[in-house]
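The values are calculated or read from the model by the stated rules, or taken from the named source; none is laboratory data. Note that the structure is predicted; figures quoted are calculated from it, not measured. Virtual Cβ from ideal backbone geometry, glycine too; neighbours counted across all protein chains shown. Keep in mind that these areas ignore ligands, DNA and RNA; they rest on the heavy atoms of the full protein, side chains included. Shrake-Rupley method; radii C 1.70, N 1.55, O 1.52, S 1.80 Å.
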Amino acid sequence: MLAVSLTVMSPDGSRFVPAALVLGAALALSERAWGRAVGLPLVGAALAVGGWLAPLWWPHPLVAVLALVCSFTVRLVACCGVGAHLIATTSPTALSAALRAMRAPRAVAVTMAVMLRFFPVVAHEAGAVLDAMRLRGLAGAGRLARHPILSLERFTVPMIAASLRASEDLSAGAILRGLGSRRRPTAAYPPRLGWPDGAVGLAVGGLVALTLSVPPVLA
Amino acid sequence: MIRLREVSWTYPHAVRPSLRDIDLKVAAGQLVVLCGASGCGKSTLLRTLNGLIPHFQDEGVLSGTVSVGGLALQRAELDQIGLLTGTVLQHPRRQFFTDTVAEELAFAMENFGFPAPDIRTRVTQLSAQLGQGGLTPGTSLGRLSGGWQQRVAIAAAWAHRPAVLLLDEPSSNLSAEAVDQLAQTLGQLKAEGVTIVVAEHRLRYLQDLADRLVILCDGAIAAEWSAAEFRAASDQRLAEQGLRGEVCPAPLPALPATGASLVQPWPEPCSADPSALPVGPSSGLELDQVVCRLGGRRVLDLAQVRFPAGQVTAVRGVNGSGKSTLARIVTGLRAASGQVKLDGRPLSRRTRQRISAIVMQDVQRQLFTDSVQAEIELAASGRPDSPSPAAVLDSLDLTDLADRHPLSLSGGQQQRLVVATVRLSGHRVVVFDEPSSGVDRRHLGSISHQIRQVAASGAVVLLISHDEDLLALAGDNQLTLRPVADLDLG
């Protein structure tokens, strides 16, 4: 996930976007997440059309701005596709153990584990705040267009307040159970590389080689 | 085992100390109950015993000495204290860090660097104990009922064998049956010699386990009862101290309903014919052949049910039985097949969103402005028949707080503010989602009064709660749900 993010977000990273989308869709298929497996290439293709083909069809300053947004968003979507597989299949402790096994610094392992655990908390709180806004008649595209700053404020303030409250319990419970302590952590089942990791490595290597051997589709 | 000498604690920016001159001694193997009204300092005292105060606070003033197992906590590292104490917070789900039961049981031991074979042995042993109720090590934590979450949280806090176990209102979200299971678990731990301190509102389930009851008032110890005094105390005497007594299932009449989601379909288990239901007043919210599926799985199936207007319907059932799904369907937040009608008229999802309100368990999520007054003005419907904002604020004891930022209010005040917005906006359907989590007897009465007031205004009120005391006070009838698929672990 880190390698995909660094590659796709690098200055010449857009040429790797198709490979990252294929990888994300294949990983989604492996976990039977059909919606993501289908949706990821479709969204990627739509953004690619907006980012690269639309300015050719209709040269206009507004289309250029839209193309800029699309060309950046498609990179985010490609990274999120791979990240979604990580979130769906890997528990925070498994990720932490794997990073430790790779000799990653403890600060990195603990931070990544906490981030992975915190994503669902933020998503849950954001969903609940949006629900509350709908029931108060404060959500909707029309209201957002008329009062964009006010709408964002009404969403973010309660979302951050509720997330902080939930995260306080989470971090207190984890710290009291030794997370981030100076002791050397262990793993009940130390992670080992297996044949699926080899298969994924080969597939990624093949995608990278293919990307480098053909002219860039998105550039 | 535990010794506190003249302990006082003042939170940052607080005018008054939250703990005042606390002297407390707990011998090894004892079970001591901390009780008192909401805000009396129970949870704060627990946080001094597990070192979160002062180590997890940026500021604040702590005086006196706290020692656990001979370790002076002010000078100790949090991981040293964590090895010595296990803590179960009020909402176990919020403290779970992993995805499955086995991972959660292993979490502390892995962080404290226990050898891997020892961790596996201990996890197997604890899983076997939990497994007697049907739980497996690979069970997802998100699928557990409230009672099972509590048992897994206690097992996870106890896995690395700390000498002291600290529990913050462990029964606050549990049904009467789950409270009995909790008492059994605590009894087993006490028999193994664990020192246990429980901060609690509901007390009766602890009366055969507790060695002492410590009653706190305004941050100071107001009284200490021996085990014999505690057992002899009547519910009336507990009530005088603002404490809750016996937890009994609230005897509410069942709402006439049919569908696969019901624990006991009305009137006979084999009856699925809507025409068998009694004909009542058409005023109310009616669900007709409502079925909701998530990920291809049926999570709610109600063939026929009518929630009467002006009454409070208690919605009960274990986690995963579809209570939240029902709330989301009636408020239009989730799509489902079938029809939802109000006073006989079918309602679209958008219309349901417009006429519905939810008072969430965490009300911080639904406060959107920068002052109480602004929140009230935003909610006011302006209809001629709606109550005046001033009268509603006054009735909910919020008049003096009109200029305060909603997020600066206490939890109880925030909840009253949300209830005020509901009453002013004149919503026809109102859902209360676990509104009494962790409140004392006095506040329980206040919350119950607010719910009754909303129903008295003519609204259809659904009360989702495990709190039998609240259901007995506020409910008129009940609908008890069960999981449609065989996924129940509650």
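Brief remarks on what is shown
- Total residues in the stretch B:364-385, condition assigned to a loop (DSSP other than H, G, I, E, B) and in contact (Cβ under 8 Å) with a residue 40 or more places away in the chain: 5
- Among the residues making up the stretch B:103-122, those that are more than 24 Å from A:Ala166 (Cβ to Cβ) and either open to solvent by less than 10 Å² (accessible area, probe 1.4 Å) or more than 7 Å from chain A (Cβ to nearest Cβ) (or both) are B:Met109, B:Pro117, B:Asp118, B:Ile119, B:Thr121, B:Arg122.
- Figure legend. Inter-residue proximity from the stretch B:116-138: first residues under 16 Å from B:Ala156 (Cβ atoms), second residues of a type in the set (Asp, Glu), beta-carbon distance below 7 Å, spacing 6+ or different chains. Indicated pairs: B:Ile119/B:Glu110.
- Summed over the stretch B:44-77, residues that are open to solvent by 40 Å² or more (accessible area, probe 1.4 Å), more than 9 Å from chain A (Cβ to nearest Cβ) and under 20 Å from B:Trp158 (Cα atoms) total 3.
- Single residue of the stretch A:124-144 satisfying the filter (modelled with pLDDT under 90 and surrounded by fewer than 16 Cβ atoms within 10 Å (Cβ to Cβ)) that is nearest to the other protein chains (Cβ to nearest Cβ): A:Gly137
- Test set (1) among the small types (Gly, Ala, Ser); (2) surrounded by 18 or more Cβ atoms within 10 Å (Cβ to Cβ); (3) part of a helix (DSSP H, G or I) - A:Gly198 fails condition number: (2)
- One residue stands out among those in the stretch B:155-182 that are over 22 Å from B:Leu73 (Cα atoms) and among the charged types (D, E, K, R): the one that is most open to solvent (accessible area, probe 1.4 Å), which is B:Glu177.
- Single match in B:Arg151, B:Arg143 (criterion: open to solvent by 30 Å² or more (accessible area, probe 1.4 Å) and more than 15 Å from B:Gly320 (Cα to Cα)): B:Arg151
- Test set (1) polar (S, T, N, Q); (2) open to solvent by 50 Å² or more (accessible area, probe 1.4 Å); (3) in contact with a Phe, Trp or Tyr (Cβ under 9 Å, 6 or more places away or on another chain) - A:Ser30 fails condition number: (3)
- Index of the failed condition, B:Arg161 passing every other in (1) free of Cβ contacts under 8 Å to residues at least 12 places away in the same chain; (2) at negative phi: (2)
- As for the stretch B:419-426, it holds at least one residue that is buried (at least 19 other Cβ atoms within 10 Å of the Cβ), without any contact (Cβ under 8 Å) to a residue 40 or more places away in the chain and either of a type in the set (A, V, I, L, M) or in the same structural domain as B:Leu285 (by TED's automatic domain parsing) (or both).
- Options A:Pro158, A:Pro190; residue that is facing chain B (nearest Cβ under 9 Å) and open to solvent by less than 40 Å² (accessible area, probe 1.4 Å): A:Pro158
- Restricting the stretch B:333-347 to residues that are charged (D, E, K, R), without any contact (Cβ under 8 Å) to a residue 60 or more places away in the chain and away from every other protein chain (no Cβ under 14 Å) leaves a set whose member that is most open to solvent (accessible area, probe 1.4 Å) is B:Arg345.
- Every residue from the stretch B:348-363 that is in a helix (DSSP H, G or I), touching a His at 6+ places or on another chain (Cβ under 9 Å) and either surrounded by fewer than 20 Cβ atoms within 10 Å (Cβ to Cβ) or within 7 Å of chain A (Cβ to nearest Cβ) (or both): B:Arg354
- Of the residues making up the stretch B:171-199, those that are at pLDDT below 90 and in a loop (DSSP other than H, G, I, E, B) are B:Ser171, B:Ser172, B:Asn173, B:Leu174, B:Ser175.
- Taking the stretch B:76-115 as the range and being in contact with a strand residue (DSSP E or B) (Cβ under 8 Å, 6 or more places away or on another chain) and touching a residue at least 60 places away in the same chain (Cβ under 8 Å) as the test, the residues that pass are B:Leu84, B:Thr85, B:Gly86, B:Thr87, B:Val88, B:Leu89, B:Gln90.
- Hits in the stretch B:386-431 (condition: of a type in the set (Ser, Thr, Tyr), more than 10 Å from every other protein chain (Cβ to nearest Cβ), part of a helix (DSSP H, G or I) and under 26 Å from A:Ala139 (Cα atoms)): B:Ser408
- For B:Arg93: the one exception among (1) assigned to a loop (DSSP other than H, G, I, E, B); (2) out of contact with any Pro (no Cβ under 7 Å at 6 or more places or on another chain); (3) open to solvent by 30 Å² or more (accessible area, probe 1.4 Å); (4) not aliphatic (A, V, I, L, M): (1)
- The set of residues in the stretch B:446-465 being open to solvent by 30 Å² or more (accessible area, probe 1.4 Å) and not in a helix (DSSP H, G or I) consists of B:Ser457 alone.
- Only one of the numbered conditions (1) more than 7 Å from chain B (Cβ to nearest Cβ); (2) in a helix (DSSP H, G or I) is not met by A:Gly180, and that is (2).
- Among the residues here, B:Asp211 does not qualify as assigned by TED's automatic domain parsing to the domain that holds B:Ser43, modelled with pLDDT under 90 and of a type in the set (Asp, Glu).
- The stretch B:78-90 - residue that is more than 7 Å from chain A (Cβ to nearest Cβ) and outside any helix (DSSP H, G or I) and, of those, surrounded by the most Cβ atoms within 10 Å (Cβ to Cβ): B:Gly86
- Residue match in the stretch A:105-122 (condition: open to solvent by less than 60 Å² (accessible area, probe 1.4 Å), among the small types (Gly, Ala, Ser), away from chain B (no Cβ under 14 Å) and over 30 Å from B:His427 (Cα atoms)): no
- Restricting attention to the stretch A:145-155, the residues being touching a helix residue (DSSP H, G or I) at 6+ places or on another chain (Cβ under 9 Å) and facing another protein chain (nearest Cβ under 9 Å) number 2.
- Test for B:Ala155: is it within 14 Å of another protein chain (Cβ to nearest Cβ) and in contact with a helix residue (DSSP H, G or I) (Cβ under 8 Å, 6 or more places away or on another chain): yes
- Looking across the stretch B:285-302, the residues that are open to solvent by 10 Å² or more (accessible area, probe 1.4 Å) and either closer than 22 Å to B:Thr351 by Cα or part of a strand (DSSP E or B) (or both) come down to B:Glu286, B:Asp288, B:Gln289, B:Val291, B:Arg293, B:Leu294, B:Arg297, B:Arg298, B:Val299, B:Asp301.
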